[in-house]
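The values are calculated or read from the model by the stated rules, or taken from the named source; none is laboratory data. Just so it is clear, the model here is predicted, and its values are computed rather than measured. Cβ coordinates were reconstructed from backbone atoms using ideal geometry, including for glycine residues, and neighbour counts include every protein chain displayed.
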């Protein structure tokens with residue numbers, strides 16, 4: 001089950017409210033613009049939290065980590081596989 005993020009849900013409701021305002025009213029009010037920026041940031045953070053939860057539940061290895069392991073693997077000594 002995915003985590004419930006009340007801040008993310010609240011931010012989306014606030015953004016929906018701001019979306020329904022007239023463009024001129026919205027752009028003419030710096031408090032509304034600041035509110036939209038803040039709530040967008042909160043919604044993005046909530047989406048990232050959900051993604052991190054999915055990654056951890058499915059035991060995915062991030063691509064950056066795979067690249068690091070493959071880059072360092074060339075520096076590790078190779079096992080002795082020669083036939084005697």
Query raised in the report: Taking the stretch 3-51 only, how many residues are over 14 Å from the mean Cα position of the chain (by Cα) and either part of a helix (DSSP H, G or I) or closer than 30 Å to residue 61 by Cβ (or both)?
Result: 29
Query raised in the report: Is it fair to say residue 51 is farther than 19 Å from residue 17 by Cα and at pLDDT below 65?
Result: no
